[in-house]
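**Student:** Once you've had a glance at the structure underneath, I'll fire off some questions.
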Amino acid sequence: MESRVLSGTTALRGLPLLHRRLSATETPRVITFPSSTRAISEGGNLVSGRQLSPAILLDTKRRTLKPCLSAASSPAEGSDSAGIAKVGFLEKYPAITTGFFFFMWYFLNVIFNILNKKIYNYFPYPYFVSVIHLFVGVVYCLASWTVGLPKRAPMDGKQLKLLIPVAVCHALGHVTSNVSFAAVAVSFTHTIKALEPFFNAAASQFILGQQIPLSLWLSLAPVVLGVSMASLTELSFNWLGFISAMISNISFTYRSIYSKKAMTNMDSTNLYAYISIIALIVCIPPALILEGPKLLEHGFSDAIAKVGLTKLVTDLFWVGMFYHLYNQVATNTLERVAPLTHAVGNVLKRVFVIGFSIIIFGNRISTQTGIGTAIAIAGVAMYSFIKAKIEEEKRVRIVMTQH
């Protein structure tokens, strides 16, 4: 059986059809499903923000559809006189909603990168700024839980044990990314971070024991070549920025590994909130130890003398908000689309960030750096397309086997 996305009026395959003889006064009704139901990258389905395995959707013995009201019954609120539910504009054109999510993801990410780098120009304390990013996000999540948007999902000891490794890797990757952003040009950091698929493939092959096809390894060759070319002639190159970006790649690779072990039915908004809280706790001690004395001695006073207290506080607040919002929108966006679209989105996002950072900050790059960056991005695109197709074929085989 084919793996499908449940949207609009798409029928549920594998569920028995309910037949009932209609009277002369009755009109056939149409069963519709909310447009929020979308396929997600792990092969399950997202139903109102929750992940369900394919086996649940194919279990037809324990689940039946409730019969619809007849036309003779009183029409529900939001229905027309014929008794058929009205379809909203966004439900009728789901591509517009998905496109809006992609736009907001890119927009928020670009604004975050630009504001983040501007802060480092007068306040070069990446560990403290990383804490601010997470702190603002946590306050936002707590406020959202307080008003019930969304309702806080319960957390038990077993789930917490699974999420702690994910959050620790998230914290380490986030801090080292910021150390790199503070040390070198934004475009160069993102070029180095283009190597992340290489580390993912290596971890899958040598740590998880998964066999990686030769085609995937070959697609990574341009990534390594492009990053090497860009690094050799990058004008802002220094070892702190380079090594920090590489550590970030390794940290996010392990985050992906632990995330697979920590799969949960909790919705993505609550999941990211809990990860942010744990990551904040992890980031505070190194920030106090490594930068605390400097901040108290002259860090805050120097920044206030340069830009003023009001600008310092507002910049830190907004960079934290943009960081949280772009990550949250990215998570929501990637849940709405298929793996191949996910891959395209990630590649285009990196291109947008690199391009806008060069324009905004006027960074001079050599011809070789530009060519190397282009080759690296092209390699990431090839890798993403090939991997997405492999994952799609694997999902189809799993669904057919379960059926």
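The values are calculated or read from the model by the stated rules, or taken from the named source; none is laboratory data. Computed from a predicted model, the values in this text were never measured in an experiment. Cβ sites come from the backbone with ideal geometry, for glycine too, and all protein chains shown count toward neighbours.
**Student:** Out of the range 359-402, which residues are modelled with pLDDT under 80 and in contact with a Lys or Arg (Cβ under 9 Å, 6 or more places away or on another chain)?
**Tutor:** The one that is modelled with pLDDT under 80 and in contact with a Lys or Arg (Cβ under 9 Å, 6 or more places away or on another chain): F361.
**Student:** Suppose we filter L325, L312, L316, L334 for residues that are in contact with a Phe, Trp or Tyr (Cβ under 9 Å, 6 or more places away or on another chain), at pLDDT below 85 and surrounded by 15 or more Cβ atoms within 10 Å (Cβ to Cβ); which single one remains?
**Tutor:** L334
**Student:** Could you check H298 against (1) closer than 24 Å to V129 by Cα; (2) in contact (Cβ under 8 Å) with a residue 24 or more places away in the chain; (3) in a helix (DSSP H, G or I) and say which number it fails?
**Tutor:** H298 satisfies every listed condition except (2).
**Student:** For residues that are crowded, with 17+ Cβ neighbours inside 10 Å and among the acidic types (D, E), tally how many sit in the range 246-303.
**Tutor:** Number of matching residues: 2.
**Student:** I need the full set of residues from the range 174-223 which are under 20 Å from the mean Cα position of the chain (by Cα) and β-branched (V, I, T), in order please.
**Tutor:** V175, T176, V186, T189, T191, I192
**Student:** So, in the range 233-270, how many residues would count as being modelled with pLDDT under 75 and in contact with a Gly (Cβ under 9 Å, 6 or more places away or on another chain)?
**Tutor:** 3
**Student:** Further, regarding this structure: Would you please list the contacts, defined by Cβ atoms under 7 Å and residues six or more apart or on different chains, that run from a residue in the range 91-108 that is on the phi < 0 side of the Ramachandran plot to a residue that is at pLDDT 85 or above?
**Tutor:** F101/V329; M104/V329; W105/Y326; W105/V329; L108/F322; L108/L325; L108/Y326; L108/V329
**Student:** If you take the residues in the range 220-236 that are touching a Ser or Thr at 6+ places or on another chain (Cβ under 6 Å) and over 18 Å from P197 (Cα atoms), which one is surrounded by the fewest Cβ atoms within 10 Å (Cβ to Cβ)?
**Tutor:** In this case the residue turns out to be T233.
**Student:** Do any helices (runs of 4 or more DSSP H) lying entirely in the range 179-293 carry at least 3 residues that are more than 18 Å from V353 (Cβ to Cβ) and polar (S, T, N, Q), and which ones are they?
**Tutor:** Working: elements: 186-192, 196-206, 214-233, 239-261, 268-290.
Counting at least 3 such residues, we get 196-206, 214-233, 239-261, 268-290.
**Student:** Please indicate, with yes or no, whether at least one residue in the range 373-393 is more than 25 Å from E196 (Cα to Cα) and part of a helix (DSSP H, G or I). Full working, then the answer.
**Tutor:** Taking the range 373-393 and keeping what is more than 25 Å from E196 (Cα to Cα), we get none.
Within the range 373-393, none of the residues are more than 25 Å from E196 (Cα to Cα) and part of a helix (DSSP H, G or I).
**Student:** Just need a number here: residues in the range 111-131 that are surrounded by 22 or more Cβ atoms within 10 Å (Cβ to Cβ) and either over 25 Å from the mean Cα position of the chain (by Cα) or not in a helix (DSSP H, G or I) (or both).
**Tutor:** 2
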